[in-house]
1. Return the pairs, sorted by first residue and then second, in which the second residue is among the aromatic types (Phe, Trp, Tyr) and crowded, with 18+ Cβ neighbours inside 10 Å, the first residue lies in the stretch 123-152 and is free of Cβ contacts under 8 Å to residues at least 40 places away in the same chain and closer than 13 Å to residue 83 by Cα, the beta carbons are less than 7 Å apart, and the residues are 6+ apart or on different chains.
2. Tell me which strands (runs of 3 or more DSSP E) are completely within the stretch 68-152 and hold 2 or more residues being touching a Cys at 6+ places or on another chain (Cβ under 9 Å), or say none if there are none.
3. Restricting to the stretch 10-59, name every residue that is in a strand (DSSP E or B), farther than 14 Å from residue 74 by Cα and aliphatic (A, V, I, L, M).
4. Could you please find all residues in the stretch 102-152 being at pLDDT 85 or above, out of contact with any His (no Cβ under 9 Å at 6 or more places or on another chain) and among the charged types (D, E, K, R)?
5. Among the listed residues 43, 51, 126, which satisfies the condition of being within 27 Å of residue 17 (Cβ to Cβ) and more than 13 Å from the chain's Cα centre (by Cα)?
6. Based on this model, can you work out whether residue 69 counts as within 22 Å of residue 132 (Cβ to Cβ), aromatic (Phe, Trp, Tyr) and either out of contact with any His (no Cβ under 6 Å at 6 or more places or on another chain) or crowded, with 16+ Cβ neighbours inside 10 Å (or both)?
7. So for the stretch 36-45 (the condition being of a type in the set (S, T, N, Q), crowded, with 19+ Cβ neighbours inside 10 Å, at pLDDT 85 or above and in contact with a Leu (Cβ under 8 Å, 6 or more places away or on another chain)), does at least one residue qualify?
8. Could you list, in sequence order, all residues of the stretch 1-20 that are more than 21 Å from residue 126 (Cα to Cα) and either loosely packed, with under 14 Cβ neighbours inside 10 Å or not β-branched (Val, Ile, Thr) (or both)?
Amino acid sequence: MTQMRGVYTLILRVNKPTAIRIGALGILRFRAGTYVYVGSGLGRNASSVEGRIARHLGMRKKNHWHIDYLLGSARVTLLRVTYAITRRHVECGLAEHLSYGRPSSCLYVHFGSSDCNCRAHLLFMGRVSGNRVLALVRNAYRRLDLNFRHMP
């Protein structure tokens, strides 16, 4: 991947209920289950989609974004990374599609969405398999006419 711009999703599992301090949001209690985080990488270098994904996959980093605190917990497992190459600002639409019909999906208002008007960009999908959530994510990408890709 070289300087691509786009949108990405992280599918992760909270293995056991846990409380984590998430920057200015304070201590949040996370239910066990599968979550999806929606982000964008529309800039260059570190703020490109591959730069953002590489940062999230990195083990040593300074906590900057809300998702950094969650990924840093030993009780959280990153299951899958998906992305699409686009110059459109579609992360809010993607989060909306993924939360549609799931009233409890936005457990933490403003998580990952402090720079937009969305309720949240971290969505609780329940106690469903990572493969089931991957299918939901793929469908949401298709609804937005995005070329769905995923990392192994």
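1. none
2. Strands (runs of 3 or more DSSP E) meeting the threshold: 122-126.
3. Listed by number, the residues that qualify are 10, 11, 22, 27, 28, 36, 38, 42.
4. 127, 132, 142, 145, 149
5. 126
6. When the stated conditions are applied, residue 69 does not pass them.
7. Within the stretch 36-45, not a single residue is of a type in the set (S, T, N, Q), crowded, with 19+ Cβ neighbours inside 10 Å, at pLDDT 85 or above and in contact with a Leu (Cβ under 8 Å, 6 or more places away or on another chain).
8. Answer for the stretch 1-20, where residues must be more than 21 Å from residue 126 (Cα to Cα) and either loosely packed, with under 14 Cβ neighbours inside 10 Å or not β-branched (Val, Ile, Thr) (or both): 1, 2, 3, 4, 5, 6.
The values are calculated or read from the model by the stated rules, or taken from the named source; none is laboratory data. Just so it is clear, the structure is predicted and the values come from calculations on it, not from any experiment. Backbone-built Cβ (ideal geometry, glycine too); neighbour counts: all protein chains shown.
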